[in-house]
Amino acid sequence: MTEQGVDLSRYLRHGAKITENGSDDWQTPRIIYEVLNKRFRFTRDAAATAENSHCLKWWSREDNALLMDWTQEKSIFCNPPYSKVAEFLAKAHEPETAVFLIPFRPQTGFFLRYVWASPYLHEMMIIHRGMRFIHPERSDSVRSPMPVVVLVYHNKPRERDLLITVKCADTLKPLHVVAGQRPGHPLEHGHSIRDQIIQEHQRGASVADLVKKYEGKVSRRSVYRWLK
Ligand SMILES: C[S@@+](CC[C@H](N)C(=O)[O-])C[C@H]1O[C@@H](n2cnc3c(N)ncnc32)[C@H](O)[C@@H]1O
């Protein structure tokens with residue numbers, strides 16, 4: 001099935017795998033969690049098991065996070081079971097900070113209600129390329145064809161424009177600012193060159209080689225900042 005050149009059958013197969021074959025358990029890539037944790041210092045993983053929790057404190061299916069009091073939490077990380085994304089998002093504005101990793105489905109009702117129309121959403125990071133989720137039973141990762149987004153909520157309504165960026169799926173480095181750019185901080189380089197350098201590094205090129213290859217186009221400092 002194709003629509004405007006997009007292979008939807010791939011997308012649908014992946015969706016079916018997650019919601020119908022009981023695979024609500026795909027795990028967040030460690031590096032993605034670590035980048036977010038460095039900034040948000042998470043105090044609880046809101047959707048986890050003892051085996052896959054990223055934090056010392058977590059809520060499991062048995063606890064049922066949806067029945068818990070999120071208002072007492074400082075900073076929640078949540079990659080929810082994809083069959084219950086809307087129910088989890090309904091609680092996103094309760095803790096001081098909540099960071100969600102969810103499918104990017106901007107056409108849906110839950111997205112309109114809990115994302116586009118939420119005054120508590122402060123930042124949206126649209127993920128470029130598929131994220132390499134970790135298989136629930138094995139240790140290998142799969143680059144998902146399903147588009148995903150990271151959402152940052154606070155318990156106070158935002159007073160400035162929603163910041164919307166496009167981030168690299170492997171590093172979470174910014175590739176492009178779509179809206180809400182803070183004045184005085186434009187990105188120095190375009191998205192394609194950043195993405196190109198990050199992907200070459202992912203495929204094995206050393207930082208030194210890339211500094212040399214892009215000499216004159218991108219400063220040594222920028223290459224180091226994107227890759228280290
Ligand atoms: C997509 S996985 C995320 C796993 C892991 N925390 C991560 O981010 O890598 C969703 C997890 O939520 C758990 N879960 C399912 N229903 C839940 C509920 N009602 N309350 C809390 N956790 C739940 C599942 O067992 C699963 O481990």
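Do we find that ALA169 is assigned by TED's automatic domain parsing to the domain that holds ILE102, of a type in the set (Gly, Ala, Ser) and modelled with pLDDT of 90 or more in this structure?
yes
Take LYS167 and decide whether it is on the phi < 0 side of the Ramachandran plot and in a helix (DSSP H, G or I).
no
Please verify whether VAL211 is farther than 27 Å from ALA92 by Cα and part of a loop (DSSP other than H, G, I, E, B), treating the condition exactly as stated.
no
Given the structure, is ALA86 surrounded by fewer than 16 Cβ atoms within 10 Å (Cβ to Cβ), under 17 Å from the mean Cα position of the chain (by Cα) and under 18 Å from TRP116 (Cα atoms)?
Taking the combined requirement at face value, the residue satisfies it.
Quick one: which residue in TYR120, TYR33, TYR82 is among the aromatic types (Phe, Trp, Tyr) and at pLDDT below 95?
When all the criteria are applied, what remains is TYR82.
The values are calculated or read from the model by the stated rules, or taken from the named source; none is laboratory data. Quantities reported herein were computed from a predicted structural model and do not represent experimental measurements. With ideal geometry, Cβ positions are generated from the backbone for all residues, glycine too; neighbour counts draw on all protein chains shown.
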